[in-house]
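Below is one structure, written out as C-alpha cells; comments come after it.
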Amino acid sequence: MGQIQATIDTATDTIAVFDPSTELRIGEIADGGEAAVDTAVAQARETFRSGAWLKKTPSERSRILYRAADLLEQRADELGDIDSRNVGMARGHARNLVLASAEQLRYNAGWCTKIYGKSSDMKMAGGITGETSDLLGYTLKEPVGVAGCIVPWNGPVLVAITKLAPALAAGCSIVLKPAEETPLSAPVLGEILIEAGVPEGVVNIVNGHGHTVGAALAAHPDVDKIAFTGSTEVGKLIVQAAAGNLKKVMLELGGKSPVLIYDDADMSRAIPGAALGAFINSGQGCVCGSRVYAQRKSYDRVVEGLSKAAQALRLGGPDDQNVDIGPLISGRQMERVLGFIEEGRRDGVEIVTGGHRLDRKGYFVAPTLLTGVREDMRLMKEEIFGPVVAVIPFDDEEEVLSWANDTVYGLAAAVWTQDITRAHRVAKRLEAGTVWLNAQFAWDPAMPLGGYKQSGWGQEYGLEGVEAYMKTKSVYTGL
Ligand code: NAD
C-alpha cells in the first residue's frame, strides 16, 4: 500500500498527542514546518499539472470515490476507535461520524459524472464593423487547482472528508492539515484513498502546529484555494494570509446557535432535541445550541426537562461502557469552559445543574445548565465550546428574534413549534445558514452548509460544495 503523507524530513519540532479521557500521552507527530508544506504543495502541483487524477474518466473517478466510501465503512470501527480515543468522543458517536463520512464520499462520487457548463446562442450588436454578429457562448467548469484544507479537532474524519470528497470530485489536488491535537486518523484516510485508487501525490497530508504549518499553507503562493474549518479568530488570520496571492478562501467557523422553544412545541421532542443539540460531543460542535429561549409559560418545564436530560447523560472515555459524551479535548479547553461558568457565577447566574469538573482523571465537565443570564454577558456572546447551555424566558416573537440574531455568529438556529406558519415565518427571519424546524443536529450531504455573518464564507455540502472547488471559464465563439 502506498504512502501519501508528504515526506517530513525537516522536522524541527515534535508535538505530543493525548487521550483527553486519561490525560495520558498516546503518540507524537513531527511538525514539518514550512519545508513540509513546500514539499506537499509541490507534489500536489505536480499531480495537478500532470493530470494524474483529472485525466481519469469521470466515471473512473466516481468509482474510486465509491470504493473509498466502502473501504471507509469497512474500517469504521478502527477509525471510530482512533477518533474516540484522540478526541474523547463517545465511541458510538465517533463511529457514526465515520459512517457519515462514507455518505459524503458517495454523494460527491455522484457529481464526478455530472459536472459540465452551460451554452447559449447570442448576438452582439455594434462590434468593430458595426454589424450584428452571431456568437455561441459556453462555460467550462474547471478544478480550482491545488486546494489546502485545514481542519479542527472536533470531528477529524468527517471534517477532513467533507473537504477531500468534493475537492476530489472537482478534480483538485490537495494538501490536508489535520489539527495538531487529533492527527491520528488522517494517515488511515490517506491509506484508504490510495487503496481505492486515488493516485499518489494527489492527497498530501502535512502535520504541525497551526501557527507554523497551517499558516505556511494559508500563505503559500502556489496554493489556489484554502478550505478552512475552525475558529472565527483563526479564520480572520487565514484571510490575511491568503491575500498574498489572493487565493480563494472558504471558511466554516464558529457559532452561538439559538434554539427557540414555543409554548405550543411538542415537548416530548423539543426537550430531548435541545438537550442533544446542546450537549452532543460535550458541546464541542460548531452548531451546538447553547442559547435556549423558552416561551414564558413553558420556561419552568424546559428548565426542568433540560436539567434532567443533562443529569442523565453518562460521561466516560473510550474504555468505559454505555457512554453518551466524553471529556473536553484538553486541559486548556476545560479551564476555558470552567472560566466562563465561574464568571457567570460571579455575575449572579444560577447554575441549575453541573458547573464543575468531574472528580476523575480526564478533562470531564458536568453538563451545565444556567439560568438568570443577561444578554450582555460574555457567556451569551462568545462561543464556549463546552457542555454549557443557558435557558432564557421570552414573551413575544419580536423580542426573541432580536435576541436570537444579536450575535456576530450565524451558523445555525432551531425552532420548536406546532404552528407551521410561525415556523416558516421565523425561519426566514433567523440570521443563520442552517435553520432546523422541529429538529436539531440534522444533516444531509445534499444540503448546503455554511455560516452567515462571522460564521463563515461560502458553503460546503451539496452542489455548492463541489462548485466551491471549481472555477468557471466563459468561452465566446464567433459564428
Ligand atoms: P482552531 O481555529 O484553533 O484550529 C483549526 C485548525 O486551524 C487547526 O488545524 C489549527 O492547527 C489550524 N490553525 C491554527 N492557527 C492557524 C493559523 N494561524 N493559520 C492557519 N491555520 C491555523 O479551531 P479548533 O479549536 O481546532 O476547533 C474549534 C473551532 O472550530 C470552533 O470555533 C468551532 O466552532 C469551529 N468549527 C466549525 C465548524 C463549521 O462547520 N462551521 C465545524 C467544526 C468546528
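Miscellaneous remarks
- Criterion: outside any helix (DSSP H, G or I) and modelled with pLDDT of 95 or more - qualifying residue of Ala100, Ala52: Ala52
- Test: residue in segment 225-237 that is more than 16 Å from the chain's Cα centre (by Cα), in contact (Cβ under 8 Å) with a residue 60 or more places away in the chain and more than 7 Å from the ligand (Cβ to nearest atom): yes
- Pairs are defined by a Cβ separation below 7 Å, a sequence spacing of at least 6 or placement on different chains, a first member in segment 108-133 that is among the hydroxyl-bearing types (Ser, Thr, Tyr), and a second member that is at pLDDT 95 or above and surrounded by 12 or more Cβ atoms within 10 Å (Cβ to Cβ); the pairs so defined are Thr113/Pro58; Thr113/Ser62; Tyr116/Lys141; Ser119/Leu136; Ser119/Gly137; Ser119/Tyr138; Ser120/Gly137.
- Among the residues of this structure, Thr139 does not count as one that is among the polar types (S, T, N, Q), away from the ligand (no atom under 12 Å from the Cβ), part of a loop (DSSP other than H, G, I, E, B) and open to solvent by 10 Å² or more (accessible area, probe 1.4 Å).
- The condition of being modelled with pLDDT of 95 or more, near the ligand (Cβ under 8 Å from one of its atoms) and open to solvent by 10 Å² or more (accessible area, probe 1.4 Å) holds for only one of Leu253, Leu276, that being Leu253.
- Only one of Ile325, Ile341, Ile329, Ile384 that is within 25 Å of Gln295 (Cβ to Cβ) and either open to solvent by 40 Å² or more (accessible area, probe 1.4 Å) or of a type in the set (A, V, I, L, M) (or both): Ile384
- Candidates Gly214, Gly126, Gly171, Gly117 - the one that is among the small types (Gly, Ala, Ser) and within 14 Å of the ligand (Cβ to nearest atom): Gly214
- Members of segment 429-464 that are among the basic types (Lys, Arg) and within 15 Å of the ligand (Cβ to nearest atom): Lys453
- In summary, Ser268 fulfils each of the numbered conditions (1) small (Gly, Ala, Ser); (2) open to solvent by 10 Å² or more (accessible area, probe 1.4 Å); (3) in contact (Cβ under 8 Å) with a residue 40 or more places away in the chain; (4) in the same structural domain as Ala427 (by TED's automatic domain parsing) with the single exception of condition (3).
- Neighbours by Cβ (under 8 Å, 6+ apart or cross-chain): first from segment 316-331, in contact (Cβ under 8 Å) with a residue 60 or more places away in the chain and assigned to a loop (DSSP other than H, G, I, E, B); second within 16 Å of the ligand (Cβ to nearest atom) and among the hydroxyl-bearing types (Ser, Thr, Tyr): Gly326/Ser282; Pro327/Ser282; Pro327/Tyr363; Leu328/Ser282; Leu328/Tyr363; Ile329/Thr182; Ile329/Tyr363; Ser330/Tyr363
- Given (1) outside any strand (DSSP E or B); (2) within 16 Å of the ligand (Cβ to nearest atom); (3) in contact with a Leu (Cβ under 7 Å, 6 or more places away or on another chain), number of the condition Gly148 does not satisfy: (1)
- Residues of segment 319-359 satisfying the condition of being modelled with pLDDT under 95 and closer than 13 Å to Pro20 by Cα: Asp319
- Val157 being more than 10 Å from the ligand (Cβ to nearest atom), surrounded by fewer than 24 Cβ atoms within 10 Å (Cβ to Cβ) and under 29 Å from Lys256 (Cα atoms): no
- Yes/no for Met447 being more than 22 Å from Met267 (Cα to Cα) and surrounded by 17 or more Cβ atoms within 10 Å (Cβ to Cβ): no
- Residue among His209, His220 that is open to solvent by 20 Å² or more (accessible area, probe 1.4 Å), closer than 24 Å to Val17 by Cα, within 13 Å of the ligand (Cβ to nearest atom) and not assigned by TED's automatic domain parsing to the domain that holds Leu338: His209
- Each residue in segment 178-193 was checked for being open to solvent by less than 30 Å² (accessible area, probe 1.4 Å) and assigned to a helix (DSSP H, G or I), and 6 pass.
- Every condition in (1) closer than 23 Å to Ile280 by Cα; (2) in contact with a helix residue (DSSP H, G or I) (Cβ under 7 Å, 6 or more places away or on another chain); (3) of a type in the set (Val, Ile, Thr) holds for Val466 except the one numbered (1).
- Only one of the numbered conditions (1) open to solvent by less than 70 Å² (accessible area, probe 1.4 Å); (2) away from the ligand (no atom under 16 Å from the Cβ); (3) among the acidic types (Asp, Glu) is violated by Glu467, and that is (1).
- Residue that is surrounded by the fewest Cβ atoms within 10 Å (Cβ to Cβ) [pool: residues in segment 48-79 that are in contact (Cβ under 8 Å) with a residue 24 or more places away in the chain and more than 14 Å from Ala169 (Cα to Cα)]: Glu78
- Scope segment 421-442; condition surrounded by fewer than 21 Cβ atoms within 10 Å (Cβ to Cβ) and in a helix (DSSP H, G or I); matching residues: Thr421, Arg422, Ala423, His424, Arg425, Ala427, Lys428, Arg429
- Selection within segment 279-309 - under 17 Å from the mean Cα position of the chain (by Cα) and more than 16 Å from the ligand (Cβ to nearest atom): none
The values are calculated or read from the model by the stated rules, or taken from the named source; none is laboratory data. Values in this document were obtained by computation on a predicted structure and should not be read as measured data. Neighbour counts are summed over all protein chains in view; Cβ atoms, including those assigned to glycine, are modelled from backbone coordinates with ideal geometry. Note: areas computed on protein heavy atoms with side chains; ligands, DNA, RNA excluded. Shrake-Rupley method; radii C 1.70, N 1.55, O 1.52, S 1.80 Å.
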